[in-house]
Amino acid sequence: MGQQFEKTERNQVKRVPQRGAYDHETVFRVVDAAWMGHVGILNSCGGVTVVPMLHARMDDSLIFHGANSSRLMKYLGSGEPVSVSFGMVDGLVLAKSLFHHSMNYRSAVVFGTGHLINTRGEILEALQVISEKIMPGRWDDARQPSERELSATAVVKLRMESASAKIRTGDPVDDEADRSLPVWSGVLPIRSNMGDPISDTNSESLVVPGYLESYTSRYNQSE
């Protein structure tokens, strides 16, 4: 068995606990598959604010980037507690009774504290990880950040101190008395696919990069 997040009151899956997972591999797989993480922080009004953000993972840490002037980035780098949630819906689960309708999904909730990355080398490494998550191969193709752009950018590394995943797969779970009802039941899969690249007016004469076409093909096959 691989590394596990300790099961605590904070990260324990209480509703349908058999769907919970605490191993790093499962949690990281959900984090990596999600395009955005929803970051929950304490706000200045004494409440909670949740903000969707692009993210990437470096080992057991999450990487976020934003403007130096951003209050959100300042909070994330302050060492205050942060929660980040991730979720993807894979199918609509249509049972014979409305009560047992559900969704097939992959989700994870992460808890941790972050710090600002300050050295130029670490900042560039983190930005490369984010770039390669969005589009592998792009970092070496496009213009990389200038010194002015780097000075205007804050990068936070947030270690995942606690986490859990929750995943539902499979058919509806109908009550035995409902199974013979003349109502269709089953799963309506939801899949995301990438379309063909569309060149902007500044690139109409240029060939679409091979890494872009390869990634699109791999992504669509995996879905």
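We did not get these values from a lab; they are worked out from the coordinates using the rules stated. Computed from a predicted structure; not experimentally measured. So basically every Cβ, Gly included, is an ideal-geometry build from the backbone, and we count neighbours across all protein chains shown.
Charges only on Cβ, +1 for Lys and Arg, -1 for Asp and Glu: so what's the dipole of the chain about the Cα centre, in debye to the nearest 20?
Here the size comes out at about 600 debye.
Express the relative contact order of the chain as a whole percentage, based on alpha carbon pairs under 8 Å and six or more residues apart in sequence.
So the answer I get is 24 percent.
How many lysine pairs are close in the chain, with Cα atoms under 27 Å apart and the two 8 or more places apart or on different chains?
So the count works out to 10.
Given charges of +1 on the Cβ of Lys and Arg and -1 on the Cβ of Asp and Glu, with all other atoms neutral, how large is the dipole of segment 1-51 about its Cα centre, in debye to the nearest 20?
With only Lys, Arg, Asp and Glu charged at Cβ, the dipole is about 240 debye.
Which three semi-axes in whole Å describe the equivalent ellipsoid of the chain, each the square root of 5 times a Cα gyration tensor eigenvalue, listed largest first?
Gyration-tensor ellipsoid for the chain: 35, 26, 15 Å.
Please report the equivalent ellipsoid semi-axes of segment 1-77, computed as sqrt(5 x eigenvalue) of the Cα gyration tensor, largest first, in whole Å.
26, 17, 11
Using the alpha-carbon atoms, what tilt in degrees (0 to 90, nearest 10) does helix 210-222 show relative to the longest principal axis of the chain?
The two axes meet at around 20 degrees.
Find the Rg to Rh ratio for segment 145-200, where Rh is the Kirkwood radius over alpha-carbon pairs and Rg uses the same atoms.
Result for segment 145-200 is an Rg/Rh of 1.29.
Build a GNM of the chain with springs between Cα atoms under 10 Å: which of Lys14, Lys74, Lys133 gets the top mean-square fluctuation?
Lys14
Any idea how far apart Asp32 and Gln3 come out in nm if each label point goes 7 Å out from Cα toward Cβ?
Using points 7 Å along Cα→Cβ, the separation is 1.4 nm.
Mark the label point 7 Å from the Cα of Met58 along Cα→Cβ and return the residues of segment 148-184 whose backbone N is within less than 12 Å of it.
Answer for segment 148-184: 155-159.
Averaged over every viewing direction, what's the projected area of the C-alpha convex hull for segment 1-41? Give it in nm², one decimal, please.
Hull-based average projected area comes out at 3.9 nm².
When the Cα centres of segment 64-123 and segment 175-192 are compared, how far apart do they sit, in Å?
Computed from Cα coordinates, the inter-centre distance equals 31 Å.
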